[in-house]
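Visitor: My questions all concern the structure below.
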Amino acid sequence: MRLRLPVERPTEPPTGYKIAHPVLSQDGTRAGFTGVSLGGALPYGVLDDASCVYGRRHRPPVRLCDCGFHCVHDRASAEALLCTAEHRAAVLLEVSVLGAYIRFERGFRYARQRVHTATVGPCGCGGRAAALADAGWGRPGWRALAPACAGCVRARTSVSLAGFAGLAGDGVRVAAAGGRMPPGGPAGVDGCGVPEEVRVPEVAGAPEGFGVPELVAEAALLQARLDWFQTQLARLGDRGAEGGAEN
């Protein structure tokens, strides 16, 4: 006798939570996410279908396989995963569970998903994130990104939170949470001059669609880079002056 799982027909897609690493394509024209465990080798977009990580031809999820997207039911359980050392630079995703799914005690395994919100944690220095910068590792064709404040971005490949939302597309929201804010910062804006939550129009990568919050975020990131380059030029000038004096 074969046991059959109960069939659910929800009126609305279930909501789930998961963590993932944000990634940027090698040419800088696309953005997405990659998982932290089994499916980490397969980056995915804001709206995407799952693939079997073992290369089998079935459509996920299959009961006797581990393939498919994974998420948990409650936000607190996903946030707890961010406490581990290897996941400190990951972001928290709120997703809609689409297509066929298998329900478990703590979450879902499912065929298709839409990412609604990506919550970015603090920079490694403890400051509020202003951008997502090169994390120093990646997948073929994709650079992994990590939260960075304006002061820590420097010359690394990076994209502002608004810019990442625009490249990812499909109306995804990117929010900065946690981290220190210098005293005297304007209400609703973090210490680096970046709004705590930004949303980019559905058309991804279209600068003409940016509003004031998105342009403020981009300006803060550009100013941080300019300050860093000016500091480096000043140091080079000092070294040159010292060399001339010795001669």
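Visitor: For segment 30-50, which positions are buried (at least 17 other Cβ atoms within 10 Å of the Cβ) and of a type outside the set (A, V, I, L, M, F, W, C)?
Guide: Arg30, Gly32, Thr34, Gly35, Gly39, Pro43, Tyr44, Gly45, Asp48
Visitor: Let me ask something else about it. What's the number of the only condition in (1) under 19 Å from Ala176 (Cβ atoms); (2) in contact with a Gly (Cβ under 6 Å, 6 or more places away or on another chain); (3) in a loop (DSSP other than H, G, I, E, B) that Pro61 fails to meet?
Guide: Condition not satisfied by Pro61: (1).
Visitor: Spot the failing condition for Gly45; the list is (1) closer than 26 Å to Gly163 by Cβ; (2) of a type in the set (Gly, Ala, Ser); (3) modelled with pLDDT under 95, and only one is missed.
Guide: Result: Gly45 passes all but (3).
Visitor: A follow-up question, please. Only residues in segment 66-86 that are exposed (fewer than 14 other Cβ atoms within 10 Å of the Cβ) count as the first member; pair them with residues that are of a type in the set (Val, Ile, Thr) and not in a helix (DSSP H, G or I), Cβ under 9 angstrom, at least 6 apart or cross-chain, and list the lot.
Guide: Glu86/Val36
Visitor: Residues in segment 6-50 that are out of contact with any helix residue (DSSP H, G or I) (no Cβ under 9 Å at 6 or more places or on another chain) and among the hydroxyl-bearing types (Ser, Thr, Tyr): how many?
Guide: So the answer is 5.
Visitor: What residue, among those in segment 122-136 that are surrounded by fewer than 22 Cβ atoms within 10 Å (Cβ to Cβ) and either touching a residue at least 12 places away in the same chain (Cβ under 8 Å) or in contact with a helix residue (DSSP H, G or I) (Cβ under 7 Å, 6 or more places away or on another chain) (or both), is nearest to Ala175 (Cα to Cα)?
Guide: Pro122
Visitor: Checking Thr15 against (1) modelled with pLDDT of 95 or more; (2) within 29 Å of Cys125 (Cβ to Cβ); (3) of a type in the set (Val, Ile, Thr), which test does it fail?
Guide: Every listed condition holds for Thr15 apart from (2).
Visitor: A follow-up question, please. When you scan segment 137-155, how many residues do you find that are closer than 23 Å to Thr231 by Cα and either of a type in the set (A, V, I, L, M, F, W, C) or surrounded by fewer than 17 Cβ atoms within 10 Å (Cβ to Cβ) (or both)?
Guide: Looking only at that region, the number is 8.
The values are calculated or read from the model by the stated rules, or taken from the named source; none is laboratory data. These numbers come from a predicted model, not from an experiment. Neighbour counts are summed over all protein chains in view; Cβ atoms, including those assigned to glycine, are modelled from backbone coordinates with ideal geometry.
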